[in-house]
Amino acid sequence: MKTTPSQKIRIGLFTFIGLLVLIAAIFFIGNQKSLFSATFKLSGRFNNVNGLQVGNNVRFAGINVGVVDDINIINDTSVQVVLSINDDVKKFVKKDAKMSIGSDGLMGDKLVVLMPGGANTTDMVNDGDKIGSVNPADVDKIIAKFTKMADNAGTLIDGLSQIVAKVNSGKGSIGRLLNNDKMAREMEKTVTQAKNTMQNVHKTTTTLNEDLKAAQSNFLLKGFFNKKKKAAKAKQDSIKKGQDKALKNADKQ
């Protein structure tokens, strides 16, 4: 079957459009991954990269400035991460800069956060420098702790539910107290009697105070109370004299 000129034109147009899309995709991906701009390398070591992968973004001041170029296991407790960063960011990154591993949102991809430093030095980093790192939190341990807390909370809720069920069914002292009307009435009666007793004690005390004041005013007992007052005053005077004497002796010494 021969190809007509119109079919050749369609095939050529389709091929041309496909090439344009491919070139645009390469340019877009290259721009995102800094393939067409000058870059420099920095490295750091972590105990755990927490799911970080080659090609993930490097973020500086909230802006994507590079990518993770390589991840190598150094030993059983150390992993080296190599970053490829746009060269125009170098002037902002100091020798005491640090890198940490974060997330792009709550559930997003992992990324490296670059902190500029500058607290201890003003020297810029050089290509291939090793900088400090901040190890990420162990998510598995955090999840395990929350799981244990949830299990303990579930056990506590089950226990409280059983206690409430027993109280509602009238079991135990509290359950009988809350569900037994007779006991409630008897307790209310006891409380009322206690209140009445306290009122009576208060009235009796008031009456005794009044009787005592009246007795002090009575001419037959007035001498007795005056004698008591004089004896108390004499005792106070004697104590005061003794204190004054002791103070004088102390001053002489």
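The values are calculated or read from the model by the stated rules, or taken from the named source; none is laboratory data. What you see is a predicted model, and the numbers here were worked out from it, not measured in a lab. Quick reminder, even Gly has a Cβ in these numbers, built from the backbone with ideal geometry, and neighbours come from all protein chains shown.
Before moving on, here are some points about what is shown:
- Verdict on G118 being part of a loop (DSSP other than H, G, I, E, B) and within 35 Å of the chain's Cα centre (by Cα): yes
- Candidate set from the range 17-44 (those that are buried (at least 18 other Cβ atoms within 10 Å of the Cβ) and of a type outside the set (F, W, Y)); member that is modelled with the lowest pLDDT: S34
- Helices (runs of 4 or more DSSP H) completely within the range 143-253 that count 3 or more residues being out of contact with any Pro (no Cβ under 9 Å at 6 or more places or on another chain) and modelled with pLDDT of 75 or more: 181-217, 219-252
- Enumeration of residues in the range 123-136 that are assigned to a loop (DSSP other than H, G, I, E, B) and under 19 Å from D87 (Cβ atoms): D123, V125, N126, D127, G128, I131
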